[in-house]
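Worksheet: the structure to be examined is printed underneath.
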Amino acid sequence: MTTSVMTNDTRAKEYINSVFEQLKQKNAHQPEFLQAAEEILFSLTPVVAQHPEYIEHNILSRIVEPDRIISFRVAWQDDNNQVQVNRGYRIQFNNVIGPYKGGLRFHPTVNESIMKFLAFEQIFKNALTGQPIGGGKGGSDFNPKGKSDAEIMRFCQAFMSELYRHIGPDVDVPAGDIGVGAREVGFMWGQYKRLRGAYEAGVLTGKKPGYGGSLARKEATGYGLVYFTAEMLREKGESFLNKTVVVSGSGNVAIYAIEKAQHYGAKVVACSDSAGYIYDPEGIDLAAVKEIKEVKGDRIHTYLNYRPNAEYHEGCTSIWTIPCDIALPCATQNEINSESARILVANGTKFVAEGANMPSDLEAINIYLENDIYFGPAKAANAGGVAVSALEMAQNSSRTAWSFNKVDEKLQDIMKSIYTESKEAAEKYGYAGNLVVGSNIAGFVKVADGMVAEGVY
Ligand code: GLU
């Protein structure tokens, strides 16, 4: 018995190594994608060891290869009548559980590697929600910063003029991500409707309530992150009450994470944008942050106009030097490296939960795990956004609109069950307390079993 378990384990390790080696060769210039793949693949060893059918069906080599990568030109006219050209993407990674689902990111750093890492993560995150949604992602290297409303509209229309032929309520359902909110989704939705000549509301999520959007979608990622973190705290006999919290970012995820954490009695002392961070030891004035970011679209340093006693520091990484009990990175990928992770440990931080996608690099994650920081990885902790997107799709197909409370209650249930499933999967496979292993396995098994059932194609 022991020999056969050991053999299976060795076989699983060899298989995973060989899949990852091939992946590195084929995608040598895609560091973010390789990072996301490495994190997931190696954590699957115990489940692959117990399920030889995954090796027989070569599930891992198949799951790391997107169904298709769509890349296209987006030409649009700026306010000076100059023609600008950007690159658009949609990665349709896996649709075993449901139509491809995932946001669109508009940011100058967008490239194929970043799109693939996000789409790959999305497969497992979406599976974890328990909703019928596959994994995809898209976006453009377009920079929305400093653009007029009219320019944003023309860009979104040009982007959708190509994307529309690749998506549909039963095919692929985009939504927002960094640089894409309800305004951009609205412009894209209008163009899709015009081109299709039909009111297919379920083709995009994150629409405004009133024309097919769901109440509580805007709040969902941030609230969901705090619901998930509350479960982690409960596990350790703790709660948010009177805890000091640092939240990076000041976009949609950060704002609603701050709101819910404050609602639970935490003191949130810092948040940031891409230029720097504010530190307000008395606790962040969220109404001010909302006015700066949601109404004025301004930089976070203007917070000092509202709270002159707060501090502003240029640069983002040193936000992690602020002592806190709970760290909620909600800005972007790789914002916490080994150095910042060590500082969190030294400062006595006990909980890290990720609102952004892949904000901690691989070394940082290992440092949390080795130092008894209880860690909630992105694909579990930030799944609330896409989970409510799936609820928006459900409302769209049944032509109904649910109350805020109904959606919020469902969100709470979903976040609790993601936590429980991840925790139990970790225990089942011998990694109790490791939510990285647990969430990867819990998400993976659903997709892998679906792939086995579908057969090879
Ligand atoms: N961009 C979000 C995410 O990373 C939401 C995607 C969606 O709602 O489809 O999960």
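The values are calculated or read from the model by the stated rules, or taken from the named source; none is laboratory data. Note that this is a predicted model, so its numbers are computed, not measured. Here Cβ is always computed from backbone atoms with ideal geometry, including for glycine, and neighbour counts include all displayed protein chains. Areas reflect the complete protein model, heavy atoms only, side chains present, ligands, DNA and RNA absent. Shrake-Rupley method; radii C 1.70, N 1.55, O 1.52, S 1.80 Å.
For an R0 of 30 angstrom, estimate the FRET efficiency from the Cβ-Cβ distance between Ser338 and Arg183 and round to the nearest 0.05.
About 0.20, to the nearest 0.05.
Counting alpha carbon pairs within less than 8 Å and at least 6 residues apart, what relative contact order, in whole percent, applies to the chain?
15 percent
For the range 192-233, with all protein chains present and a 1.4 Å probe, just round the carbon and sulfur fraction of the accessible area to a whole percent.
Percent of accessible area from carbon and sulfur atoms in the range 192-233: 51.
So for the range 320-416, averaging the separation of alpha carbon pairs under 8 Å that are six or more residues apart and normalising by length, what relative contact order in percent results?
Averaging sequence separation for qualifying contacts and normalising by length gives 24 percent for the range 320-416.
Work out the P(r) tail for the range 198-265: percent of alpha carbon pairs separated by more than 15 Å, whole number.
Roughly 59 percent, once rounded to a whole number.
Count the net charge of all other residues whose Cβ sits under 12 Å from the Cβ of Arg73, scoring Lys and Arg as +1 and Asp and Glu as -1.
-1
For a test of the definition: using alpha carbon positions, the gyration tensor, and the 1.5 limit on a/c, classify the range 275-415 as rounded, prolate or oblate.
Oblate, because a/c is 1.5 or more while a/b does not exceed b/c.
Among DSSP beta bridges whose residues both lie in the chain, state the antiparallel percentage, nearest 5.
Given both bridge residues lie in the chain, the antiparallel proportion sits at roughly 55 percent.
With only alpha-carbon atoms in the gyration tensor, what are the semi-axes of the equivalent ellipsoid for the range 412-457, in Å, largest first?
Result for the range 412-457: semi-axes of 23, 13, 6 Å.
Let's test the formula: R0 of 30 Å, r as the Cβ-Cβ distance of Glu454 and Arg73. What FRET efficiency results, to the nearest 0.05?
0.35
What FRET efficiency comes out for the pair Leu304/Ser239, r = Cβ-Cβ distance, R0 = 25 Å, nearest 0.05?
0.20
Accessible area per residue for the range 336-457 in Å², computed with a 1.4 Å probe and the full protein assembly in place, what is it?
I get 39 Å² per residue for this part.
Out of every Cα pair in the range 21-61, what percent are spaced more than 17 Å from each other?
Taking all Cα-Cα pairs of the range 21-61, the fraction more than 17 Å apart is 37 percent.
Using only the alpha carbons of the range 1-110, what is the convex hull's orientation-averaged projected area in square nanometres?
9.0 nm²
Counting Lys +1, Arg +1, Asp -1, Glu -1, what net charge surrounds Ala378 among other residues with beta carbon under 9 Å of its beta carbon?
After counting each charged neighbour, the total is 0.
Which value in Å is the Kirkwood Rh of the range 74-151 over different Cα pairs?
It works out to 13.5 Å.
Where Lys and Arg each count +1 and Asp and Glu each count -1, what net charge lies around Pro281 among other residues with Cβ under 15 Å from its Cβ?
Here the charged neighbours net out to -2.
Please report, for the Cα atoms of the range 166-314, the Rg to one decimal and the Dmax as a whole number; what are they, in angstrom?
Cα-based Rg and Dmax for the range 166-314 come out at 18.0, 55 Å.
Rg to Rh for the range 126-189: what is it, with Cα atoms only and Rh by Kirkwood?
Dividing the radius of gyration by the Kirkwood radius yields 1.00.
Give the cross-link partners of Lys267 among the lysines, using a straight C-alpha distance below 18 Å as the criterion and excluding same-chain residues fewer than 8 apart.
Those lysines meeting the cut-off are Lys243, Lys290, Lys350.
Whole-Hz Karplus ³J(HN,Hα) for the range 179-190, in order, using 6.51 cos²θ - 1.76 cosθ + 1.60 and θ = phi - 60°, x for Gly and Pro?
Karplus-based 3J(HN,Hα) across the range 179-190 equals x, 10, x, 4, 4, 5, 4, x, 5, 5, 4, x Hz.
What Kirkwood radius, in Å to one decimal, follows from the Cα pairs of the range 34-90?
14.9 Å
Among rounded, prolate and oblate, which fits the range 91-234 when a ≥ b ≥ c are the square roots of the eigenvalues of its C-alpha gyration tensor, a/c under 1.5 means rounded, and a/b larger than b/c means prolate?
Verdict is rounded for the range 91-234.
With a ≥ b ≥ c the root eigenvalues of the C-alpha gyration tensor of the chain, is it rounded (a/c under 1.5), prolate (a/b larger than b/c) or oblate?
Oblate is the answer for the chain, as a/c is 1.5 or above yet b/c matches or exceeds a/b.
So for the pair Ala432, Asn58, with labels modelled 7 Å out along Cα→Cβ, what separation do we get in nm?
Between Ala432 and Asn58, the label points sit 4.0 nm apart.
Would you calculate the convex hull of the Cα atoms in the range 336-432 and tell me its volume per residue in Å³?
Spelled out: Cα convex hull of the range 336-432, divided by residues, is 113 Å³.
Multiply the residue separation of Leu362 and Tyr211 by 0.36 nm, subtract the distance between their alpha-carbon atoms, and state the gained length in nm to one decimal.
Net length gain for the segment: 50.3 nm.
Which three numbers, in whole Å and largest first, are the semi-axes of the equivalent ellipsoid of the range 153-202 derived from its Cα gyration tensor as √(5λ)?
Semi-axes, largest first: 16, 12, 10 Å.
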